[in-house]
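*Asks:* Here it is: the structure, laid out below.
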Amino acid sequence: MPLPKPPAKKAHILSLTEIDAQAAPRAGKRPQKAEKAEPTSPPVLDLFAPHERGPSAHTARAPATAEVAAPPATLRQTGPKIRRPKSEGPPKLFVLDTNVLMHDPMSIFRFDEHDIYLPMITLEELDSHKRGMSEVARNARQVSRELDALVAGISAEEHQRGIPLAKTGHREAAGKLFFQTHLLKADLPEGLPQGKADNQILGVVQSLRTQHADREVVLVSKDINMRIKARALGLPAEDYYNDKTLDDVDLLYTGVMPLPPDFWERHGKTMESWQQGGSTFYRISGPLVPALLINQFVYLEAPGVAPLYAKVTEITGKTAVLRTLKDYTHQKNAVWGVTARNREQNFALNLLMDPECDFVTLTGTAGTGKTLMTLASGLSQVLDERRYTEIIVTRVTVPVGEDIGYLPGTEEEKMSPWMGALDDNLEVLARTDSSAGEWGRAATNELVRSKIKIKSMNFMRGRTFLNKYVIIDEAQNLTPKQMKTLITRAGPGTKIVCLGNLAQIDTPYLTEGSSGLTYAIDRFKGWPHSGHVTLARGERSRLADFASEVL
């Protein structure tokens, strides 16, 4: 086929009118199959106001109006975007408790078009908590800085009308901020002590409901007893939900998907398969592909048919590539003497031993083998494969019962009581080598101990780990901010493994939906260099399995 002739003259830039004329449908010319019913197209979600976008093929098909058909050119290019309110009716007035601000310093900007009201007692409590190096003190200081930036250059009259929350650049906040500037009298029950801060906030909510009968006034608090007292007095009260990644933890990404029984019948006709590097690859296309994510594990177990265990390695358009897994249930593939005892453990070992997977999260109940498999994989890759230089273990020091007080010694000696799980698993791994003898096992234990460093989370800020295997144990007790601080310590060649049980959260104000582990699992799903597996079956002992079910 001959090439087309080169252009004889230079091109020129089309004007907006000419572009619109070409994009608009031409009258009198219909497709040849116009008599047939046109296929219905899915509804298109319009995220722009009519005056925000210039004329296009979509606006040309709409009913012609003067405002939509010919908006000014300057408005099309530089017109400000207008937020549409997410709820109907007048904006609500949210009264924030102090614990909400200390839990999330940016909470005042996360109420969309609604207004925020801060009682003076809230500012007093913020001032009393701002001293110290704890997370609560840092959050209190950050809230004070945000409020100082909002009130800078604001007159007394503007205080009365409300301070726009978008003043400091937070465009998602379209409401206003109000401060309590005078005493509000409210009729509370005589049994409530008037000097207590919680009761003063309840009095403010009661008085605001009387003053603003045309709008809804809601108390927002992380304190359960505070919400109970408010509802007992007939005042609307809510928890702070914006810190929750998921409303229902049952919807959390598990990292594993069972394939339907008719998988081969529905996807086998257009399937391509090949072998490379000891693994079999399948390229599939079908209705299952949109539901898959990178590094997600799939399995198909049917009686009389060889089971399929694979991992999604590539998603391109409407096709996905599955790769069969290495069988770590067999003794020949044992990792530091440890073999997988169930399907999920096999999936987890494939992630832990994958050099392309930089971030791994493992969740499960007690006794599912999270720490043992992670430690065995780390020792194998540090001592045998020399992929990493050493193992760094850290965890949140939140006691289950009463605190035993200060601990003597160095950093590692102070952390040793918190690392009982590490010592137990090292004892199990030391028993796997029965041919070395007593002297050989002692030398191995010394070598293993020299490659494991126990670090405290309090000194992680500012550090950078190069070629390290980092284990974050009990990660369910981390806040999303602490999780971000730890993950961003990773340098080139570092692998981070987060372990936790979302049913055992000991940190106050943290729930299964707002935990940093839940936050990391949800945000990292689908990233090509991360993976997650939820371990479901306990392998510690029959006593531990029965206790986890009935107790």
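*Asks:* Considering every residue within the range 132-147, establish whether at least one is in contact with a Gly (Cβ under 6 Å, 6 or more places away or on another chain) and either part of a loop (DSSP other than H, G, I, E, B) or more than 28 Å from Pro508 (Cβ to Cβ) (or both).
*Replies:* No, because not a single residue in the range 132-147 is in contact with a Gly (Cβ under 6 Å, 6 or more places away or on another chain) and either part of a loop (DSSP other than H, G, I, E, B) or more than 28 Å from Pro508 (Cβ to Cβ) (or both).
*Asks:* Does Gly369 meet the test of being surrounded by 22 or more Cβ atoms within 10 Å (Cβ to Cβ) and at pLDDT 90 or above?
*Replies:* Against the criterion (surrounded by 22 or more Cβ atoms within 10 Å (Cβ to Cβ) and at pLDDT 90 or above), Gly369 does not qualify.
*Asks:* Might you check whether a residue that is assigned to a helix (DSSP H, G or I), of a type in the set (Val, Ile, Thr) and within 15 Å of Phe178 (Cα to Cα) occurs anywhere in the range 118-127?
*Replies:* Yes - at least one qualifying residue is present in the range 118-127.
*Asks:* For the range 206-303, please list each of the strands (runs of 3 or more DSSP E) lying entirely inside it that holds at least 3 residues being open to solvent by less than 40 Å² (accessible area, probe 1.4 Å). Reasoning before the result, please.
*Replies:* Working: elements: 217-220, 256-258, 272-276, 279-285, 297-300.
Strands (runs of 3 or more DSSP E) meeting the threshold: 217-220, 279-285, 297-300.
*Asks:* Here's another thing I want to ask about it. Please specify each residue of the range 525-551 satisfying the condition of being touching a Cys at 6+ places or on another chain (Cβ under 7 Å) and either surrounded by fewer than 19 Cβ atoms within 10 Å (Cβ to Cβ) or of a type in the set (Asp, Glu) (or both).
*Replies:* The initial filter retains those residues of the range 525-551 that are touching a Cys at 6+ places or on another chain (Cβ under 7 Å), namely 529-531.
Listed by number, the list holds a single entry, His529.
*Asks:* Looking at the range 305-320, which of its residues are in a loop (DSSP other than H, G, I, E, B) and either touching an Asp or Glu at 6+ places or on another chain (Cβ under 7 Å) or at pLDDT 95 or above (or both)? Lay out the reasoning, then the answer.
*Replies:* Step one: list which residues in the range 305-320 are in a loop (DSSP other than H, G, I, E, B), which gives 305-307, 317-318.
Correct list: Pro307 only.
*Asks:* Return the only residue of Leu502, Leu510 being within 16 Å of the chain's Cα centre (by Cα) and without any contact (Cβ under 8 Å) to a residue 60 or more places away in the chain.
*Replies:* Working: Leu502 fails: without any contact (Cβ under 8 Å) to a residue 60 or more places away in the chain.
Of the residues listed, the single one that is within 16 Å of the chain's Cα centre (by Cα) and without any contact (Cβ under 8 Å) to a residue 60 or more places away in the chain is Leu510.
*Asks:* Something else about it: Suppose we keep only residues that are free of Cβ contacts under 8 Å to residues at least 40 places away in the same chain and among the aliphatic types (A, V, I, L, M) within the range 181-209. Which one would you say is farthest from Glu238 (Cα to Cα)?
*Replies:* Filtering first and then ranking leaves Leu183.
*Asks:* Within the range 381-395, count every residue that is farther than 22 Å from Lys311 by Cα and open to solvent by less than 20 Å² (accessible area, probe 1.4 Å).
*Replies:* Going residue by residue through the range 381-395, those that are farther than 22 Å from Lys311 by Cα are 382-395.
With open to solvent by less than 20 Å² (accessible area, probe 1.4 Å) added as a condition, the list becomes 382, 388, 391-394.
Count: 6.
*Asks:* Would you mind finding the one in Lys86, Lys81, Lys92 that is modelled with pLDDT of 90 or more and open to solvent by 40 Å² or more (accessible area, probe 1.4 Å)?
*Replies:* Lys92
*Asks:* Moving on to the next point. So Ala137 fits all but one of (1) more than 23 Å from Ile224 (Cα to Cα); (2) touching a His at 6+ places or on another chain (Cβ under 8 Å); what number is the exception?
*Replies:* (1)
*Asks:* Assuming Phe178 fulfils every condition listed in (1) in contact (Cβ under 8 Å) with a residue 40 or more places away in the chain; (2) within 26 Å of the chain's Cα centre (by Cα) apart from one, which condition is it?
*Replies:* All conditions pass for Phe178, except number (2).
*Asks:* Oh, and also: Right, Asp247: within 30 Å of Glu216 (Cβ to Cβ) and of a type outside the set (Phe, Trp, Tyr) or not?
*Replies:* Considered against the rule, which asks whether it is within 30 Å of Glu216 (Cβ to Cβ) and of a type outside the set (Phe, Trp, Tyr), Asp247 comes out as yes.
*Asks:* Shifting gears a bit: Looking at this structure, is Leu246 over 23 Å from Thr365 (Cα atoms) and of a type in the set (A, V, I, L, M)? Spell out how you get there, then give the answer.
*Replies:* Working: over 23 Å from Thr365 (Cα atoms): no; of a type in the set (A, V, I, L, M): yes.
So Leu246 does not fit the description; no.
*Asks:* Conditions: (1) at negative phi; (2) free of Cβ contacts under 8 Å to residues at least 40 places away in the same chain; (3) of a type outside the set (Val, Ile, Thr). His212 meets all but one. Number of the miss?
*Replies:* Looking at each condition in turn, His212 falls short on (2).
*Asks:* When you check Arg323 against the structure, is it of a type in the set (Lys, Arg), in a strand (DSSP E or B) and open to solvent by 10 Å² or more (accessible area, probe 1.4 Å), yes or no?
*Replies:* So Arg323 fits the description; yes.
*Asks:* Which residues, counting only those in the range 272-307, are hydrophobic (A, V, I, L, M, F, W, C) and in contact with a helix residue (DSSP H, G or I) (Cβ under 8 Å, 6 or more places away or on another chain)?
*Replies:* Those that are hydrophobic (A, V, I, L, M, F, W, C) and in contact with a helix residue (DSSP H, G or I) (Cβ under 8 Å, 6 or more places away or on another chain): Ile284, Leu288, Phe297, Leu300.
*Asks:* Taking only pairs six or more apart or across chains, which ones have beta-carbon atoms under 6 Å, a first residue in the range 358-376 that is at positive phi, and a second residue that is in a helix (DSSP H, G or I)?
*Replies:* Partner pairs satisfying both residue conditions: Gly364/Lys370; Gly367/Ala544; Gly369/Gln345.
The values are calculated or read from the model by the stated rules, or taken from the named source; none is laboratory data. Owing to the predicted nature of the structure, the values given are computational and were not obtained by experimental measurement. Reconstructed Cβ throughout: ideal geometry from the backbone, glycine too, with neighbour counts over all protein chains shown. For accessibility, only protein heavy atoms count, side chains too; no ligands or nucleic acids. Shrake-Rupley method; radii C 1.70, N 1.55, O 1.52, S 1.80 Å.
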